[in-house]
Amino acid sequence: MNRRTFIGTAAAGMAAAGGLPQMLHAAEMETAKFVLPSLPWAPNALEPFISEKTVGFHYGKHHKGYVDKTNKLIQNTSYQSMPLPEIIRKSAGKPQDQNIFNNAAQVWNHAFFWHSMKPGGGGKPGGKIAEGVRIAFGDYDAFRERFIATATGRFGSGWAWLVERNGLLAILSTPNAENPVALGLKPLLALDVWEHAYYLDYQNRREDFAKTWLDNLVNWEFAEKNLSQMNPAEKVV
Ligand code: MN
């Protein structure tokens, strides 16, 4: 077993155990700083809601592309030795580092997104998230309506998020690669609303995609776990 095989196996093991895949520091890899983390489920496991074909392109081409570009862009820069969340925070808002920010944030966003959904997910949350939804939105239906409207209302490419802000749950939409890590907010869930996330399955019907995602795929246990942690953003990659 070579080093890369071993690392891949270790990451898959962690995902199976309910942990998050880890990205590795340059000191542990000869050729690449960050590696594409394993998916937490089989590529066809989200069917019929998200097809294997969509997962194949989205993970195998888009997410992988962001990982490869990040590794290339940070070579011989001050970002080279930083963990991913630090790269995101330090490059955010710096025009000269926009390309590094975009790619690094998209690496993080996608890793977080895969864990934000699961086969057999969806429906109403329990636990502290249910309590937080009641406090912030009144009831689950009001939350659901607002989340769908936020995801649908983002013009162009971007993300819809559930975050914790000042002790309260909040729904947030960001353009392009921007994310709660750069904004200093605690991320709980991510929904990718770039067209590449849904176009093969839903074409222009982003609202149907957002509804389907909430009703059938959202991973409330992941949100609950993130809520209970001090810095969930650091654990993803
Ligand atoms: Mn995407």
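Computed from the coordinates by the stated procedures, all read-outs in this text should not be read as laboratory data. Quick caveat, the model's predicted, so the values are computed rather than measured. Backbone-built Cβ (ideal geometry, glycine too); neighbour counts: all protein chains shown.
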- Give me Val218, Val181 ranked fewest to most by other Cβ atoms within 10 Å of their Cβ, as a rough exposure proxy. Val218, Val181
- Message: Below 15 Å, Cα to Cα, which aspartates and glutamates can Lys69 reach? Residues fewer than 8 away in the same chain don't count.
- Response: Asp97
- Message: Nearest 500 deg cm²/dmol is fine: what mean residue ellipticity at 222 nm does the chain get from its DSSP H runs of n ≥ 4 alone, each adding -39,500 (n - 2.57), divided by its residue count?
- Response: -14000 deg cm²/dmol
- Query: With the chain treated as a Gaussian network of Cα nodes joined by springs under 10 Å, which of Lys53, Lys211, Lys94 yields the largest mean-square fluctuation?
  - Reply: Lys94
- 0 to 90° range, to nearest 10: angle between helix 140-153 axis and the chain longest Cα axis: 50
- Distance between modelled label sites at Leu168 and Ala42, nm, 7 Å Cα→Cβ extension: 4.4
- Item | Degrees separating the helix 127-137 axis from the principal Cα axis of the chain, which is the longest one | 60
- Rounded to the nearest 10, the angle in degrees between the Cα long axis of helix 3-16 and the longest principal axis of the Cα atoms of the chain comes to 20
- Item | FRET efficiency for Ser228 and Glu207, using Cβ-Cβ distance with R0 set to 35 Å, rounded to 0.05 | 0.65
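With viscosity set to 0.890 mPa s at 25 °C, what whole-number translational diffusion coefficient in µm²/s follows for the chain from Stokes-Einstein and a Kirkwood radius over Cα pairs?
In µm²/s, the coefficient is 136.
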